[in-house]
1. Can you give me the relative contact order of the stretch 11-151 as a percent, contacts being Cα pairs under 8 Å and 6 or more apart?
2. Just from the alpha-carbon atoms, what are the Rg and Dmax of the stretch 8-77 in angstroms?
3. With no solvent and one equal point scatterer placed on each C-alpha of the stretch 156-261, evaluate the Debye formula and give log10 I(q)/I(0) for q = 0.15 Å⁻¹, two decimals.
4. In the stretch 424-470, what GluC sites (Glu not before Pro) fall in a loop by DSSP, with at most 11 other Cβ atoms inside 10 Å?
5. If I stretch the segment between GLU187 and ARG96 completely, what's the gain in nm (0.36 nm per residue apart, minus their alpha carbon distance), one decimal?
6. For a quick size check, give me the Cα extents of the stretch 387-535 along its three principal axes, largest first, whole Å.
7. Checking the cross-link filter: which aspartates and glutamates have an alpha carbon closer than 20 Å to that of LYS474, excluding same-chain neighbours under 8 positions apart?
8. Reachable aspartates and glutamates from LYS292, Cα under 14 Å, same-chain residues fewer than 8 places away excluded?
Amino acid sequence: MNEKPIGFKAKVLIVEDEGLIALDLVSHLQQFGYQVIGQAVTAEEALRVMEKNLPDLVLMDIVLKGRMDGIEAAEIIRSRWGLPVVFVTANADEERLERIKPVNPFGFIIKPFSEHDIKVTLEMTLHVSRLDAERRKIEEDLRESEKRFRTLVEQAPEAIVVYEIETGHFVEANSRAVHLFGCTREELLKSGPERFYSIDQPDRQPLKESIQKNIDRTLAGENPSFERAIRTLDGRELVCEVRLTRLPSSKSTLIRNSYIDITARKQTEKELQQYRQHLEEMVEARTSELAKVNQQLIVEIEERKKMEQYLQKSTQKLKLFAYSVAHDLKSPAIGLCGLTKRLHKRYQMITEDQGRSYCQQIQKTAEHIGSLVEQINVYISAKETPLAIEEIYFSEILQILKDEFSAELSVRQISWVEPRKKAVFRADRLSLLRIFRNLIDNALKYGGESLSRIRLGYEEKEKEYLFSVNDNGKGVTKKDSEDIFKMFTRPKSSNGVEGTGLGLTIVKEMAERHGGKVWTESKPAKGITFYFSIAKGL
C-alpha cells in the first residue's frame, strides 16, 4: 500500500459504551488532526457504520454492551476488511490477552490513558498498518505471480522440469513432463536426468561428460540446446530436443529443462534422407542411361543430317527431273496436238468416219497430256514456291472469282451466293485464288445437270479462318469423299468428265502450307461442301 498524501487526515471509528470516555477520545483525536467518522456503543452498531463508511483505524473497547464483545468484533473487522484495531481497556489480564492474540491487535490503550499514549499508539498503529498492507499486497502479488507462472508452465506445449544441482534431482515438473517420462510426479521428483537418458546419445559423447558440459554452459550464462535419446519408464524410446536455462534462486542452483518430443520429426527426416538417397541413385542411374541414349541420338542425328542432305539432293534432282520430263512431254504433246488438228482439217473430207474419230481421240489425248503436265507443274510450284503473306480483303477475292465465272454461271443459270461479312485476314493471295478456283471449277465440272447453286462461306474461329464452297449438285459417295484428295484419284461419278486428278491434291497442299486443312461433307444427290481453313497469325 502506498503512503498517504501530505495533509491526509486518518479516519477513526470509536467503539466505546462509556459516554465520557468516548467524548474524551474524540477530543484528543481531533486535537491530533484525526477525522472521527462515528461513535458506536455496541459491536453490532460499529459493523453497521463500517458497512457505510470505512475508517482507516478502529478504537475498540473490549467490554461492550450487547451480545458481542470487542474481541469478537475485532475478528470480524480483521477478516472482512483487514483494518487495524487498537483495543481500549482498563483490564489486560492473562485470560483476556490469550483471547486477543488470535486477532493480532495493533496496540492497546490502557485506561486511564494519557494524551501521549493515545498519540504514540495511533501513529505507530497507522504506520504498522501501512507496512502490513504493503506486505499483504506484496504477498498477494507474489501468489498471483506464482499462480501465473505455474499456469504458464502447466499450459506450455513442452515438458518442463526444474533440476536442482545440489541434490541431483528434479524439484518441479509440469503434467507434460509426467506424461513424457512415463511415471508419476512423485517418482519423477525423486529422479535426475540420467535415469531417463539412453547410453547411446545423438552427440556420440559419454553421457555423464555431455550432461556436465551442458550444465557448465548453462551456469556460464548460455542457453544450450541439444538432442537427447530418452527411454521412458513405461518403455517408450523417444528423441527429444532439450533446452537449458538457469533460474534465479538464493537457496540453491536451479536449471530449467524443457523437452520437446521430436521422435516423429526425426523418423520423417530419416525416411526423407533414405528417399533422397534413393532418388539420387535413381537420378545417377537415369543420367547414365540418358548419357548412353544421348550418345545414340548424336549418332542418329548425324546419320539423319546425312540422310537429309542426301534427300535434299535427291529431291532437287527429282524436281529437276520432273520439270525436264514435264517439258519433254509437253513439247511433243503440243506438236502432236497441232499436227492432228492440221491432219484432221486437211483430210477430213476424204477421210472416212473411223479415221476422223481416230484423229479426234489423238487430239484429246494430246490435250490431256498437256493439261496433266501443266497440273504437275502447278503441284510442284505449290509445294516449292514461298508464300507471299499479305493482308487480304475477302471482298476483293470474291469479286475476282465472280468476274471469272460469271459467263458460265449465266449460261448454265447457276446462282452465285457469297457471304456479306467484310473480312480481312492474312494469307498468300495467289494460293487463296487457286484454292477457290479449283473448288468452284470442281463444282461446275462434277455438279451435273441438277447443279443450280454455288454458295461460298466464311467464318472466323478462335485460332483459324474457315472457308467453304457448297453446291447442290449430284454429290459423291462416302467412299469417294475419303479418297478425293489423293493424287491422281477421281470419283466414280466423274466418268466422262475431263480432269487430271491433281486439282484437289493441290488444294490440300496449299491449305496445309497455310497451317490449315481441307475436308468434305457430302450427301449423294444433295450436293457436296468443301471446307478449308487457314491459321491465324500468319
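Computed from the coordinates by the stated procedures, all read-outs in this text should not be read as laboratory data. Keep in mind that what you see is a predicted model, and the values were worked out from it rather than measured. Every residue, glycine among them, receives a Cβ derived from its backbone with ideal geometry; neighbour counts consider all protein chains shown.
1. RCO, the stretch 11-151: 19 percent.
2. 11.4, 36
3. -0.57
4. Working: sites: GLU449, GLU459, GLU460, GLU462, GLU464; in loops: GLU449, GLU462.
Passing sites in the stretch 424-470 are GLU449, GLU462.
5. Working: separation 91, 0.36 × 91 = 32.76 nm, distance 5.00 nm.
This chain segment gains 27.8 nm when fully extended.
6. Result, largest extent first: 40, 32, 25 Å.
7. Those aspartates and glutamates meeting the cut-off are GLU408, ASP441, GLU449, GLU482, ASP483, GLU498, GLU521.
8. Partners found: GLU284, GLU300.
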